[in-house]
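Accompanying notes for the structure given below.
The values are calculated or read from the model by the stated rules, or taken from the named source; none is laboratory data. Please read these numbers as outputs of a predicted model, since none were measured by experiment. Glycine gets a Cβ as well: all are built from the backbone with ideal geometry, and neighbour counts include every protein chain shown. With ligands, DNA and RNA removed, areas are computed over all heavy atoms of the protein, side chains included. Shrake-Rupley method; radii C 1.70, N 1.55, O 1.52, S 1.80 Å.
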Amino acid sequence: MEKISLGEYDIFVGDIWKSLNGLLIEFNYSKIVVLIDENSRHHCLSTLLSNTDIENLKLIEIPSGEIHKSIDTCNFIWEQMINKQLDRNALVINLGGGVIGDMGGFCASTFKRGVDFIQIPTTLLSQVDSSIGGKLGIDFGDVKNSIGLFKNPKAVFIYPDFLKTLPIAEVRSGFAEMIKHGLIADREIWEELKTVEDFEKVNWTSLIVPSLKIKKQIVEADPFEKNVRKKLNFGHTIGHAIESLALKSEKPLLHGEAVAAGMICEAWLSVKKNNLPKTTLNKIAEFILKTYDKVSLKEATFSDLIDLMKNDKKNEGAAINFTLLSQPGEASINHTCDEEMIAESLKYYIHV
Ligand SMILES: NC(=O)c1ccc[n+]([C@@H]2O[C@H](COP(=O)([O-])OP(=O)(O)OC[C@H]3O[C@@H](n4cnc5c(N)ncnc54)[C@H](O)[C@@H]3O)[C@@H](O)[C@H]2O)c1
Ligand SMILES: [Zn+2]
């Protein structure tokens, strides 16, 4: 078991159960409620229950999926918290992927001005990315994550064995964030990830720990995304636009699938604007296209994509903001690119 400290809380990775039980005894919570969806109930709940000694545990179950990361589901969760008579000394355990973690943390932090919560992420994306860094929230209207707050959990417990039941497409989606972490901050991790061919054979613990250490270092340096935390946006300016457009189509994409395409386009921009060697761009494109199906982009949609980028909350003012690479393991923030150049990068993706 590995313990990584991030400011006021610890992240445990591996055989987490002793530490989890220790925390539950130490804080002597008045009530413990576990937030789940149907998949984390089916695949993860019995492991949690058989490895912990929680008396009188309550469950709140919500339907899975991003579409339910909404104020309506929050209403349901808060209602359940009241029905189950949670007081301010209660604990919420978020057992599930990023949707459960973001929304469960949001509901806990706002209920009675805030009750403690812990994250037990059960998807690769939530284990390497969303469960750490303190961002909580829900989608509102058409805008993802537009209502929320920064608040740290009491602790994060990462049990990589939960990934055994995760559909391979979801594994691949989370893997994109690991590629991003390597590309922006650690060349060795990027080199190691490039050797991954078969997700079934990966020793996840050995890859998750260095990946989340990168996120930890970045959020520790800049918890409220004033500067260096923007490095984590690599691949996401174009990736989010591709994801949003695909959501409205017949072929929606998982977040990581769109980000993988976005990383190729933004690596192309990095060659133009930040001296990334062309050979590195070729290697990034080659590996990503070996791992991910090519997203079908049409030139006719470029202006819609660029409009979506303009509306992105990452921008300040009118310019479209990018994090760009200078070499594998090194990125810099606050680059702006004009629309013509962005369109060129999308064309590169189509033809590569
Ligand atoms: N807070 C942050 O900093 C941050 C960062 C990145 C992403 N996010 C958010 O994370 C969310 C995406 O997270 P996600 O990819 O985990 O999606 P998700 O929570 O929707 O989980 C994906 C699917 O896997 C299922 N599942 C979960 N664990 C499983 C398991 N062990 N076995 C089988 N199925 C399982 C879920 O029920 C769901 O159907 C988005 O809402 C995104 O905005 C937040
Ligand atoms: Zn992401």
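Here are a few things to note about the model shown:
- Net length gained if the chain between ARG187 and HIS43 were fully extended (0.36 nm per residue, minus Cα distance): 48.4 nm
- Highest mean packing comes first when the peptides 97-109, 132-144 are listed by Cβ atoms within 10 Å, giving 97-109, 132-144.
- Under Karplus coefficients 6.51, -1.76 and 1.60, residue-wise ³J(HN,Hα) of the range 153-159 in Hz, glycine/proline x: x, 5, 5, 10, 10, 10, 10
- Peptides 335-342, 195-202 ranked from most to least packed by the mean count of surrounding Cβ atoms within 10 Å: 335-342, 195-202.
- Qualifying aspartates and glutamates (Cα of each under 15 Å from Cα of LYS31; at least 8 residues distant if same chain): ASP53, GLU55, ASP87, ASP116
- Positive-pole candidate from THR195, ILE208, VAL219, dipole of the range 193-246, charges at beta carbon: VAL219
- Proximal aspartates and glutamates relative to LYS272, as straight alpha-carbon distance under 16 Å, when same-chain residues fewer than 8 apart are discounted: GLU330, ASP338, GLU339, GLU340, GLU344
- Amide proton proximity set for GLY96, modelled H, under 5 Å, gap of 5+: ILE120, THR122
- Remark on the chain: ratio of C-alpha radius of gyration to 2.2 N^0.38 Å is 0.98.
- The range 243-250 - phi-based ³J(HN,Hα) in whole Hz, Karplus 6.51/-1.76/1.60, Gly and Pro as x: 5, 5, 5, 5, 4, 8, 9, 7
- For the range 150-208 versus the range 56-134, the inter-centroid distance based on Cα atoms is 22 Å.
- Cut-off under 5 Å, modelled amide H: who pairs with LEU6 long-range: ILE11
- Ratio of the Cα radius of gyration of the range 210-327 to 2.2 N^0.38 Å, where N counts its residues: 1.08
- Counting protein heavy atoms only, the chain has 48 percent of its accessible area on carbon and sulfur, 1.4 angstrom probe.
- Residues in the range 54-64 carry Karplus couplings, in order, of 9, 8, 6, 6, 10, 10, 10, 10, 10, x, 6 Hz; the curve used is 6.51 cos²θ - 1.76 cosθ + 1.60 with θ = phi - 60°, and Gly or Pro positions show x.
- Selection of GluC sites (Glu not before Pro), the range 9-72, meeting DSSP coil and at most 10 other Cβ within 10 Å: GLU55
- Above-threshold pairs, the threshold being 20 Å between Cα atoms, out of LYS144/LYS164; LYS3/LYS180; LYS194/LYS283; LYS3/LYS215; LYS180/LYS231; LYS180/LYS278: LYS144/LYS164; LYS3/LYS180
- For ASP37, the amide hydrogen comes within under 5 Å of the amide hydrogens of ILE62, counting only partners 5 or more places away or on other chains and with H modelled in the peptide plane.
- Trypsin sites (Lys or Arg not before Pro) lying in DSSP loop within the range 51-127, provided at most 11 other Cβ fall within 10 Å: ARG88
- Sites listed here are trypsin sites (Lys or Arg not before Pro) in the range 222-293 whose DSSP assignment is loop and whose Cβ has at most 13 other Cβ atoms within 10 Å: LYS226, LYS248.
- Förster-model FRET efficiency, 51 Å R0, ASN21 and LYS248, C-beta, rounded to 0.05: 0.65
- Spin-label model distance (nm) - ASP142 vs ALA300, 7 Å beyond Cα toward Cβ: 1.9
- A Cβ-based charge dipole, computed about the Cα centre of the chain with Lys and Arg at +1 and Asp and Glu at -1, lands at about 460 debye.
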